[in-house]
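The values are calculated or read from the model by the stated rules, or taken from the named source; none is laboratory data. Since we're looking at a predicted model, the values are computed, not measured. Note that each Cβ is placed from the backbone with ideal geometry, even for glycine, and that neighbours are counted across all protein chains shown. Protein only, heavy atoms only, side chains kept; ligands, DNA and RNA dropped before computing areas. Shrake-Rupley method; radii C 1.70, N 1.55, O 1.52, S 1.80 Å.
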Amino acid sequence: MRARLESVDQTRLRITEAAMRLHEEVGPAATTVSAIADLAGVTRLTVYRHFPDDDELIAACSAHWRALHPRPDLTAWVAVEDPVERVRLALGETYRWAREAAPMLSMIYRDLDQLPAFVAGALAEDERTRVRVLARGFRFRGRAARRVETALAHALDVRTWESLCGDDGLRDAEAVDLMTGLVAAAGAGGWPPH
């Protein structure tokens, strides 16, 4: 009985990993159950037995990918008192993570409107949490706080990293300096400059 359970778990993992690989290569919208089955070495029926609907497959794939590519830990950011240095640390860690995360996330963002709603919800909640942690130290109010939060959301977005550093663009450290400067300037008085 134990060997059977291990076999079932291994099959489920093979299917999950096949889906994850295809999501990164062609995107979730172009990934078919037939392609997943072929890559996993199982039948389509086996895929459906393990994952009766797309939501379950997407959830398993997402959880597995996140376990393999964990986002930077917020607790280290909170420990930095100076808000600008906190942003610099956060962006440095985020951009190092983005180097390996960008291929998958590019496909996820491209196909987001065709994925289950919980995917967009989870991405948005993660962004809000990270922005809150970083904005907390700036002590701005009103429009200045909104500008800082918007600049932080932009700077933390993997698509921003791609636009700055992809295709032999800036080095990560240059992008960190540029985006840290943007965030600091967003809260400065007299915005916009005349």
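Out of Arg141, Arg86, Arg128, one residue alone is free of Cβ contacts under 8 Å to residues at least 12 places away in the same chain and closer than 20 Å to Gly181 by Cα. It is Arg141. The sole residue among Glu93, Glu149, Glu174, Glu127 that is at pLDDT 95 or above, farther than 25 Å from Ile58 by Cβ, under 17 Å from the mean Cα position of the chain (by Cα) and not β-branched (Val, Ile, Thr) is Glu93. If I filter region 78-87 for residues that are on the phi < 0 side of the Ramachandran plot, of a type in the set (Gly, Ala, Ser) and assigned to a helix (DSSP H, G or I), do I get at least one hit? Checked against the condition, which is being on the phi < 0 side of the Ramachandran plot, of a type in the set (Gly, Ala, Ser) and assigned to a helix (DSSP H, G or I), region 78-87 yields no hits at all. For Arg49, the stated conditions do not hold, so it cannot be described as touching a residue at least 40 places away in the same chain (Cβ under 8 Å) and either among the charged types (D, E, K, R) or within 19 Å of Pro116 (Cα to Cα) (or both).
For region 28-77, a tally of residues being more than 30 Å from Tyr95 (Cβ to Cβ) and among the small types (Gly, Ala, Ser) returns 5. For region 87-139, the set of residues classified as aromatic (Phe, Trp, Tyr) and either within 22 Å of Asp172 (Cβ to Cβ) or open to solvent by less than 80 Å² (accessible area, probe 1.4 Å) (or both) consists of Tyr95, Trp97, Tyr109, Phe138, listed by residue number. Screening Leu5, Leu45, Leu39 for residues that are open to solvent by 80 Å² or more (accessible area, probe 1.4 Å), over 16 Å from Met107 (Cα atoms), of a type outside the set (Gly, Ala, Ser) and at pLDDT 95 or above leaves exactly one candidate, Leu45.
Take Asp167 and tell me if it is out of contact with any strand residue (DSSP E or B) (no Cβ under 6 Å at 6 or more places or on another chain), assigned to a helix (DSSP H, G or I) and of a type in the set (Asp, Glu). It is false that Asp167 is out of contact with any strand residue (DSSP E or B) (no Cβ under 6 Å at 6 or more places or on another chain), assigned to a helix (DSSP H, G or I) and of a type in the set (Asp, Glu). The conditions of being under 25 Å from Ala185 (Cα atoms) and out of contact with any Lys or Arg (no Cβ under 6 Å at 6 or more places or on another chain) are not met by Arg110.
The condition of being farther than 18 Å from Val84 by Cα, open to solvent by 60 Å² or more (accessible area, probe 1.4 Å) and in contact (Cβ under 8 Å) with a residue 12 or more places away in the chain holds for only one of Arg171, Arg159, that being Arg159.
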